[in-house]
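Here is the structure we will look at.
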Amino acid sequence: MFFLRMYKSRKYFQRIVLSILIGTVLIMLLYSTVLFYNSEKSVLEMQFEANEQVLAQVEYNVDYMDQMVRTLLLSLRSNSEVNTLLYNQQFSPFDVSDRLTAMRSMVAASNFAHSVMAYNGYNDVFYSSIYYPLDERLAPENKLFGVLEQKMDELRGPEIADWVPTETDGAGKVELFSFFMYELGDPNAARPSAFIVNVKSNWLFDNIKNINNADRSDSTVLVMDESGRVLNRAEASFAGAGELHAVLAERGGEARGYFVYDGDQGRRIVSYPSG
């Protein structure tokens with residue numbers, strides 16, 4: 001009888017110990033889950049803050065470059081000699097040469113400009129800082145003027161059309177970003193007269209790459225157009241760009257933020273500016 005009572009007591013004691021062990025394990029599991037979640041959240045926030053610093057610097061440089069280009073456009077407009085290229089229908093070769101020299105001087109003073117151009121809508125002629133004779137469309141090997149004509153036909157309307165990706169090699173490589181400043185002109189002209197500043201795309205992309213490399217992290221900065229095409233050539237083969245664009249399109253107009261993307265290159269934190 002004593003043995004039976006002792007056996008029952010030991011059985012009860014084992015149940016107590018087992019309950020304590022199970023409770024301890026459950027508490028530890030719950031604590032570990034909360035700790036893991038908080039740790040993951042902290043890592044995401046830290047990475048987002050690091051990405052934010054890179055994006056903020058990129059946006060600052062792009063805005064600064066945008067202001068420099070607009071200042072150059074205004075300089076072209078306010079230069080009384082160069083401005084006549086938009087309106088006069090007849091020039092002597094000497095007059096044109098002086099004005100092209102002034103345009104070349106403006107390009108030489110800039111480290112980002114590829115060329116500046118004046119399109120005269122009255123006589124449908126381009127005047128360029130880098131090409132001679134006056135209208136290089138006569139040379140079949142030059143495609144830039146034809147591309148710019150097409151862009152101008154597509155972009156009729158705003159006084160200034162900016163950051164227009166321009167490529168001439170037929171392979172989709174963005175060689176230039178073109179800025180157009182339109183002027184009121186003859187409504188019967190082929191298209192409105194305009195000043196054009198072509199910015200070297202490598203100047204922008206190298207600048208972005210240097211900012212990102214300074215962060216010393218395994219990250220990539222993608223420059224996309226509205227259709228989701230990656231413009232910076234070095235990252236054009238980035239896997240999953242289409243999926244990223246689809247997610248960003250859903251978040252269009254939202255304040256800047258981030259999301260976690262699981263792709264072929266592993267899990268990545270994708271930060272984006274405000275839409």
Open item on the list: Quick check on this structure: which one of SER227, SER193 is at pLDDT below 85 and either small (Gly, Ala, Ser) or open to solvent by 80 Å² or more (accessible area, probe 1.4 Å) (or both)?
Closed with: SER227
Open item on the list: Go through (1) at pLDDT 85 or above; (2) buried (at least 16 other Cβ atoms within 10 Å of the Cβ); (3) under 18 Å from VAL230 (Cα atoms) for ASP206 and report which single condition fails.
Closed with: (2)
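Within region 88-118, which residues are outside any helix (DSSP H, G or I) and within 12 Å of ILE130 (Cα to Cα)? Quick ask: steps written out before the conclusion?
Here is the first cut: in region 88-118, the residues outside any helix (DSSP H, G or I) are 88-92, 109-118.
Scanning region 88-118 gives ALA113, HIS114, SER115, VAL116, MET117, ALA118.
For LEU85, are the conditions met, namely being open to solvent by less than 40 Å² (accessible area, probe 1.4 Å), part of a helix (DSSP H, G or I), farther than 17 Å from LYS200 by Cβ and of a type outside the set (D, E, K, R)? Walk me through how you get there before you give the answer.
Numbers: open to solvent by less than 40 Å² (accessible area, probe 1.4 Å): yes; part of a helix (DSSP H, G or I): yes; farther than 17 Å from LYS200 by Cβ: yes; of a type outside the set (D, E, K, R): yes.
Considered against the rule, which asks whether it is open to solvent by less than 40 Å² (accessible area, probe 1.4 Å), part of a helix (DSSP H, G or I), farther than 17 Å from LYS200 by Cβ and of a type outside the set (D, E, K, R), LEU85 comes out as yes.
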Task: Tally, over region 49-60, of residues that are surrounded by 14 or more Cβ atoms within 10 Å (Cβ to Cβ) and closer than 19 Å to MET224 by Cβ - done: 6
Open item on the list: Just to be sure I understand, how many residues within region 61-82 are open to solvent by less than 20 Å² (accessible area, probe 1.4 Å) and farther than 26 Å from ILE208 by Cβ?
Closed with: 2
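The values are calculated or read from the model by the stated rules, or taken from the named source; none is laboratory data. All values derive from a computational prediction rather than experimental measurement. Every residue, glycine among them, receives a Cβ derived from its backbone with ideal geometry; neighbour counts consider all protein chains shown. We work out accessible area using only protein heavy atoms, side chains counted, and drop any ligands, DNA or RNA first. Shrake-Rupley method; radii C 1.70, N 1.55, O 1.52, S 1.80 Å.
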